[in-house]
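Read through the structure below, which is laid out as structure tokens, and then see the notes.
The values are calculated or read from the model by the stated rules, or taken from the named source; none is laboratory data. This is a predicted model, so every value here is computed, not measured. Backbone-built Cβ (ideal geometry, glycine too); neighbour counts: all protein chains shown. In case anyone asks, the SASA skips ligands and DNA or RNA and just uses the protein heavy atoms, side chains included. Shrake-Rupley method; radii C 1.70, N 1.55, O 1.52, S 1.80 Å.
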Amino acid sequence: MIAASLPAPENAHGFAEPFRPLRPASGQKRIAALVLGPILWVAALLLASWLLDRTNAIELGLLVTAATFVFAAVVLSLLRLGRLREERRYADSV
């Protein structure tokens, strides 16, 4: 009953036209943000470890951050390779 009275996700904001950015971010800017973001976090943790001189807790944070970055890079690379393989497969069949 309640679900039937809720607006659809595209109509939830109440505007006639959905939001569209004037200029979407380029692929290079998105890649730079995804790569530089974790690097900046590592730099911030290094700075904090130097300022606070609490290397045990900061070293653990650096280790977790580095492991997360490596894991994300591997997963994103595998996803990209899979997408390219699918694109080639469908391009060949058309």
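If the condition is being hydroxyl-bearing (Ser, Thr, Tyr) and more than 22 Å from the chain's Cα centre (by Cα), then region 68-94 contributes Tyr90, Ser93. Taken over region 40-56, residues that are open to solvent by 80 Å² or more (accessible area, probe 1.4 Å) and under 25 Å from Arg30 (Cβ atoms) amount to 2. Of the residues making up region 57-76, those that are within 18 Å of Leu36 (Cβ to Cβ) and open to solvent by less than 60 Å² (accessible area, probe 1.4 Å) number 5.
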